[in-house]
Amino acid sequence: MLKVDIHAVLHTVTLHCSGRIVLGMEAEMLRCMAEARNEAYLMLDLSEIRAMDAAGLGLLVELHCRALCRDQVLTIVKASRRVRRLIALANLHSVLDVAEAGVGDLEDGDEARPPLVRHSLSA
C-alpha cells in the first residue's frame, strides 16, 4: 500500500510517500498525483518508502522526464536507505536529482512559506 500526503507551499509541492512504490495501483496513483501538480517545484519525499521495484524506479525516471518537458523541477528528498541503494545500483544518480533536505527543513531566517494545502490519499 502507498500513502501520499500532499503539502503545497507557494510554487512548491511535496508529495510525502510512505509504504511501497511497486507495479500496479501504487505506481499508478503516484504517477497520477505527480502529473496533476502544476507547481514549478515538485518534491518527492521518499523517507518512508519501505519497498520499491523496477517499475517504481522507472516511474521516478518517467516523472523526471515529464517534469523537464513541463519546465518543472523534480527533486527526490530524504530518500530512504533502500531507495538510495536502488538508485545507486541502477546508476541513476546522473539522471535523478536526489537531495537530503526538504522544504520543511529550512533554517531560521529563510523565506517563510506557510502551508496552503494538505491532503492525504492511500492506495
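Computed from the coordinates by the stated procedures, all read-outs in this text should not be read as laboratory data. Values in this document were obtained by computation on a predicted structure and should not be read as measured data. FYI the Cβ positions are ideal-geometry reconstructions off the backbone, even for glycines, and counts take in every protein chain you see.
Details
- Radius 9 Å from Cβ of Ala51, net charge of other residues (Lys, Arg +1; Asp, Glu -1): +2
- Compactness of the stretch 14-109 as Cα Rg over 2.2 N^0.38 Å, two decimals: 1.01
- Evaluating 6.51 cos²θ - 1.76 cosθ + 1.60 at θ = phi - 60° for every residue in the stretch 49-54, the Karplus couplings come out as 7, 9, 8, 8, 10, 4 Hz, glycine and proline recorded as x.
- In nm, spacing of pseudo-spin labels at Ser94 and Ile6 (7 Å Cα→C-beta vector): 3.5
- 11 Å beta-carbon shell around Ile76, net charge (K/R +1, D/E -1): -1
- Extension gain from Val61 to Arg31, taking 0.36 nm per residue of separation minus the Cα-Cα distance: 9.7 nm
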